[in-house]
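J.: My questions all concern the structure below.
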Amino acid sequence: MKWPFIKIIPKNTKFGFVRFSIPAAIVSVVLCIASLVSCFTLGLNFGIDFKGGTVVEAVWNKPINLAEVRERVGNMNLRDVGVQDFQEPNQAMIRFLPPEGADASATVDAVKAELRSIMPGVTFPRVEVVGPKVSEELGVNGALALGIAIILVVIYIWTRFELQMGFGSIVALAHDIILTLGFMSVTQLDFSLTTIAALLTIIGYSMNDTVVVFDRMRENMRKYKKMNFGEIIDLSTNETLSRTIITALTTFLALLGLTVVGGETMQVFTIIMLFGVFIGTYSSIYVAAPVLMLWPPKRGGEAAAAKAAVDARP
Amino acid sequence: MLHVARWRILAVLIVSLLGLIFALPNALPQSVRDGLPSFLPNKTVNLGLDLQGGSYLMFEVESQVVYKARLEAVADDLSRELRGQRRPGELGASKTPILFSGRGLSPEGDVVRVTIENAADVPEARKRIEALAAPVIGLSGTSSGSDLDIRTTPGNVLEIRLTEEAKVSMTRRAVSQSIEVIRRRIDETGTKEPAITRQGVDRIVVQAPGESDPEKLKRLVGQTARLTFQMVDESVSPAEAAAGRIPPGSVLLPQPGQPNEPFVLVRRRALVTGDNLTKADPGFDQRTGEPSVTFQFDGAGSRAFGRASTDNVGRRFAIVLDDKVLSAPAIREPILGGSGQITGSFTIESANELATLLRAGALPAPLKVMEQRTVGPELGRDSINAGALAGVIAMLLIVAFMILAYGFIFGGIAILALAINLVLIIAAMTAVGATLTLPGIAGLILTIGAAVDANVLIYERMREEELAGRSTALAIDAGFKRAIVTVLDANVTALLTALILFYFGAGPVRGFAWTLSIGVVTSLFTAILMTQVLVASWYWRVKPKRLPI
């Protein structure tokens, strides 16, 4: 057994990534379409951050009959009442929209009183009220943040690399975000402000990966002026492969602890992040780079490009 | 070859030392921190409300109410001006009356319309309206035109609106006044260090750490607390008033807690308002022993109330708080001393709250709760513990992984860089006063995972260079030089997204952006400078023939 284990990973792998790029592209396209369909049919499970409304977490000192809570709160003339069990049998999470035109905070008081009357000895560790105007703004801001993040990242890649690479990265980003949204829609995970944070982090992570591969491609394009573009992609992906795997692993390990012990609030975040790490790694290899084969960047001016085109012929 | 400039070594040492000094107070208990000499920093990192428990409340100032009040005042003054009546205290000859249709004027929505009977009077009417306008005070304190927009429309109709500048300026003033009032109210209750800030144009955010009773906070902050003393209108019987026969100039107001008189008909005009109070204290009614609030008017208030009570002995007046009648006692004798007491259905607590509200003054406009987030202190503590545990697990897993993958030397260097990185993040957050939130902890843990990436990039590059046939020293040198470009490019994108998150995110999410962006900067430092110094010093000490990776 050799140790350090890094020696086990062969130093120059020669996987033919490009060979599988067509099936991979088909898989990606199918998954993206499926995700979009899911988003439009199943929809996303928007939390109160974006839908507006109230969430009250109640903790009793004894187990509580959820059915009774459901019935009593359900009869309170509130809209969209939802009562969920929450970790322990003595906890409940109550969501609702206050009656049209009613004061949100007065409604919270009424609900608290009702819960107290069902069974005394109750505390409320978390109460959140988001008004309709605020939820709308949070939604607009979230969408803006995602949009601007994508644009800025693409501009950066365009200026540091080539226009074509900027294009490749935007396709990869769109792929990652669509798949993550599809994942959220299928699992019906709560879509909250933290989800926007997770999506932005996925963008950052996925780009980090893509940049590393692009960086190597740029270097290899200068180094091997005659190599055809598919080979450049394969070479660069192989050369950065051990790094890609190790970084994905360390990030995965870091998030693992958080998923297990981080508590309900953080779990959704880390689950999305774990999914994003996986997707981001995949998209750097199979989305961002193959897109460049459709529209290859120029290599050292017109002459070199023409020459490369000639070389590329079988 | 593999030369590390002396300034780099110095920079690494100094920054690490500073990091330790700034981060250290976070690891010490309060008692030790208090004993630290004053030249050492003793700040700890700010915890967000989701970690220490507390209430976040966002209110919107209903500036429409302020606009409406101004238009009502203009309408009132205008009908007097047009009739040629003198203002109270105004000297000189009275003006010629101008005929206009209708008995009185009141705003419809955001406009006051007055139809002048005689076309020839329109310019004079316009002149009198213009005299009612007040200058708008801009941000710089300079006047920027009048607050009234007066238009002549066909049919001799004059339309009066507030100008946009006036609205902006009134909103701004209402928000600043509200913040002042809220601060006074909260200070009185002794809630610890609340943060009261303006947000956007017409919003106010109140953050009260440790406040476990947000409802009380909301009652205290959200109540307008406009107290008025108004005469009860006894010209029609209560039954007639309830049937809708309300005389002009009067209004039917609810009187909660009085089942035998649920509504009271009162004159609109206030005799005295809460603005004229100098003192308000909770007390007990000497006759009934019930909780009450005693108050004292200022000079002008005493005179006005004295005059009104002298003229109206035997009649009733109403004490009105935010359009609800608290009580409606009869005036037995003129009240000249300027002090009195308010009874009503108070509990000791509500009497106490009302006194607090009256002392702090009324809000210029009602506040509407837009957003409320409350976290109990226990849940906050649980979150910190869970976050810390998750952090420890993440750290252990990564330490084990790096040692297994890269061995004691290179793995150890990466771990040392990572540890210093964490210290630096905490130190930087402490020093700049950034807020650590629950998503922030997640960001910190994510940084633990991502920060080793830079080390991995550098190490992998070294391996390649060695494989390409370079000597160990050259491989290390080239590994650094080439990997750094990649590390920089890769981190700029992460930093970009973190900054966007910071700009658009609110509350806890902003805490995430803090840790993420600080983490990117510190990991560049530890990965590039620190790893280089460590690897180089290892090389010079050991002079290895081959890289151990």
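J.: Against the definition (under 21 Å from the mean Cα position of the chain (by Cα) and farther than 16 Å from B:Phe297 by Cα), how does B:Pro329 come out, yes or no? Don't jump to the end; show me each part of the working.
T.: Details: under 21 Å from the mean Cα position of the chain (by Cα): no; farther than 16 Å from B:Phe297 by Cα: yes.
No, not satisfied.
J.: Does the range B:58-67 include one or more residues that are over 29 Å from B:Gln223 (Cβ atoms) and modelled with pLDDT of 85 or more?
T.: First, the residues of the range B:58-67 that are over 29 Å from B:Gln223 (Cβ atoms): none.
No, because not a single residue in the range B:58-67 is over 29 Å from B:Gln223 (Cβ atoms) and modelled with pLDDT of 85 or more.
J.: For the range A:153-200, how many residues meet the condition of being touching a Gly at 6+ places or on another chain (Cβ under 6 Å), over 20 Å from A:Pro290 (Cβ atoms) and aliphatic (A, V, I, L, M)?
T.: Of the residues in that region, 1 qualify.
J.: Looking at (1) part of a helix (DSSP H, G or I); (2) in contact (Cβ under 8 Å) with a residue 40 or more places away in the chain; (3) more than 7 Å from chain B (Cβ to nearest Cβ); (4) surrounded by fewer than 24 Cβ atoms within 10 Å (Cβ to Cβ), can you tell me which one A:Asn220 breaks?
T.: For A:Asn220, the failing item is (2).
J.: Select, from A:Ala110, A:Ala92, the only residue that is of a type outside the set (Val, Ile, Thr), closer than 24 Å to B:Arg381 by Cβ and in contact (Cβ under 8 Å) with a residue 12 or more places away in the chain.
T.: Values: A:Ala110 fails: closer than 24 Å to B:Arg381 by Cβ.
Of A:Ala110, A:Ala92, the one residue that is of a type outside the set (Val, Ile, Thr), closer than 24 Å to B:Arg381 by Cβ and in contact (Cβ under 8 Å) with a residue 12 or more places away in the chain is A:Ala92.
J.: Determine, yes or no, whether B:Gly505 is facing chain A (nearest Cβ under 8 Å) and small (Gly, Ala, Ser).
T.: Details: facing chain A (nearest Cβ under 8 Å): yes; small (Gly, Ala, Ser): yes.
So B:Gly505 passes the test.
J.: Continuing with the same structure: Residue check: is B:Asn385 open to solvent by 60 Å² or more (accessible area, probe 1.4 Å), touching a strand residue (DSSP E or B) at 6+ places or on another chain (Cβ under 8 Å) and not in a strand (DSSP E or B)? Don't jump to the end; show me each part of the working.
T.: Values: open to solvent by 60 Å² or more (accessible area, probe 1.4 Å): yes; touching a strand residue (DSSP E or B) at 6+ places or on another chain (Cβ under 8 Å): no; not in a strand (DSSP E or B): yes.
In short, no.
J.: Any idea which of B:Thr472, B:Thr497 is touching a helix residue (DSSP H, G or I) at 6+ places or on another chain (Cβ under 8 Å), within 11 Å of another protein chain (Cβ to nearest Cβ) and either surrounded by fewer than 22 Cβ atoms within 10 Å (Cβ to Cβ) or under 17 Å from A:Met207 (Cα atoms) (or both)? Outline the logic, then answer.
T.: Numbers: B:Thr472 fails: within 11 Å of another protein chain (Cβ to nearest Cβ).
Criteria check complete, one pass: B:Thr497.
J.: From the list B:Arg151, B:Arg161, which one is among the basic types (Lys, Arg), modelled with pLDDT of 80 or more and open to solvent by 60 Å² or more (accessible area, probe 1.4 Å)? Outline the logic, then answer.
T.: Details: B:Arg161 fails: open to solvent by 60 Å² or more (accessible area, probe 1.4 Å).
From the options B:Arg151, B:Arg161, the qualifying one is B:Arg151.
Residue-wise test of (1) open to solvent by 60 Å² or more (accessible area, probe 1.4 Å); (2) among the aliphatic types (A, V, I, L, M); (3) within 11 Å of chain B (Cβ to nearest Cβ); (4) in a loop (DSSP other than H, G, I, E, B).
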| position | (1), (2), (3), (4) |
| --- | --- |
| A:Val27 | yes, yes, no, no |
| A:Val56 | no, yes, yes, no |
| A:Val59 | no, yes, yes, no |
| A:Met93 | no, yes, no, no |
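J.: Which is of a type in the set (Gly, Ala, Ser), buried (at least 24 other Cβ atoms within 10 Å of the Cβ), within 10 Å of chain A (Cβ to nearest Cβ) and over 22 Å from A:Asn12 (Cβ atoms), of B:Ala442, B:Ala427, B:Ala483?
T.: On the way: B:Ala427 fails: within 10 Å of chain A (Cβ to nearest Cβ); B:Ala483 fails: over 22 Å from A:Asn12 (Cβ atoms).
Only one candidate passes the filter, namely B:Ala442.
J.: So which residues in the range B:321-339 are at pLDDT below 85 and buried (at least 17 other Cβ atoms within 10 Å of the Cβ)?
T.: Selection gives B:Ile335, B:Gly338.
J.: Restricting the first residue to the range B:521-536 and requiring it to be open to solvent by less than 30 Å² (accessible area, probe 1.4 Å) and part of a helix (DSSP H, G or I), which pairs with a second residue that is modelled with pLDDT of 90 or more and of a type in the set (Gly, Ala, Ser) meet a Cβ separation below 6 Å and a spacing of at least six or different chains?
T.: Pairs found: B:Thr526/B:Ala417; B:Met530/B:Ala417; B:Thr531/B:Ala417.
J.: Mind checking which residues of the range B:347-382 are in a helix (DSSP H, G or I), basic (Lys, Arg) and within 14 Å of another protein chain (Cβ to nearest Cβ)?
T.: Initially, the range B:347-382 is screened for residues in a helix (DSSP H, G or I), giving B:348-360, B:377-382.
Filter once more, so that each one left must be basic (Lys, Arg): B:359, B:381.
Matches in the range B:347-382: B:Arg381 only.
J.: From the list B:Ala475, B:Ala451, pick out the single residue that is under 48 Å from the mean Cα position of the chain (by Cα) and part of a helix (DSSP H, G or I). Reasoning before the result, please.
T.: Working: B:Ala475 fails: under 48 Å from the mean Cα position of the chain (by Cα).
Checking each option against the conditions leaves just B:Ala451.
J.: Suppose we keep only residues that are touching a residue at least 40 places away in the same chain (Cβ under 8 Å) and more than 26 Å from the chain's Cα centre (by Cα) within the range B:487-507. Which one would you say is nearest to A:Glu137 (Cα to Cα)? Quick ask: steps written out before the conclusion?
T.: Restricting attention to the range B:487-507, the residues satisfying the condition of being touching a residue at least 40 places away in the same chain (Cβ under 8 Å) are B:487, B:494, B:507.
Subset that is more than 26 Å from the chain's Cα centre (by Cα): B:487, B:494.
Details: B:Val487: 36, B:Ala494: 25 Å.
This residue is B:Ala494.
J.: Kindly evaluate B:Asp275 against the criterion of being surrounded by 15 or more Cβ atoms within 10 Å (Cβ to Cβ), in contact (Cβ under 8 Å) with a residue 60 or more places away in the chain, more than 14 Å from every other protein chain (Cβ to nearest Cβ) and within 33 Å of the chain's Cα centre (by Cα).
T.: no
J.: Out of B:Ala308, B:Ala304, B:Ala270, B:Ala242, report the one residue that is touching a strand residue (DSSP E or B) at 6+ places or on another chain (Cβ under 8 Å), among the aliphatic types (A, V, I, L, M) and open to solvent by 60 Å² or more (accessible area, probe 1.4 Å).
T.: Details: B:Ala308 fails: open to solvent by 60 Å² or more (accessible area, probe 1.4 Å); B:Ala304 fails: open to solvent by 60 Å² or more (accessible area, probe 1.4 Å); B:Ala270 fails: open to solvent by 60 Å² or more (accessible area, probe 1.4 Å).
One residue alone meets the criteria, B:Ala242.
J.: Would you say A:Ile48 is within 22 Å of A:Val186 (Cα to Cα) and touching a Lys or Arg at 6+ places or on another chain (Cβ under 8 Å)?
T.: Values: within 22 Å of A:Val186 (Cα to Cα): yes; touching a Lys or Arg at 6+ places or on another chain (Cβ under 8 Å): yes.
Yes; evaluated as a whole, the condition is true for this residue.
Residues are listed down the side, and each one gets a yes or a no for (1) open to solvent by less than 40 Å² (accessible area, probe 1.4 Å); (2) modelled with pLDDT under 90; (3) facing another protein chain (nearest Cβ under 9 Å):
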residue	(1), (2), (3)
A:Arg116	no, no, no
A:Asn141	no, yes, yes
A:Leu146	yes, yes, yes
A:Ile177	yes, no, no
A:Ala197	yes, yes, yes
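J.: Taking the range B:454-469 only, how many residues are within 30 Å of B:Val45 (Cβ to Cβ), open to solvent by less than 10 Å² (accessible area, probe 1.4 Å) and facing another protein chain (nearest Cβ under 8 Å)?
T.: Number of matching residues: 1.
The values are calculated or read from the model by the stated rules, or taken from the named source; none is laboratory data. Model, not experiment: these values are computed from the prediction. Positions of Cβ are backbone-derived with ideal geometry, glycine not excepted, and every protein chain shown enters the neighbour counts. Keep in mind that these areas ignore ligands, DNA and RNA; they rest on the heavy atoms of the full protein, side chains included. Shrake-Rupley method; radii C 1.70, N 1.55, O 1.52, S 1.80 Å.
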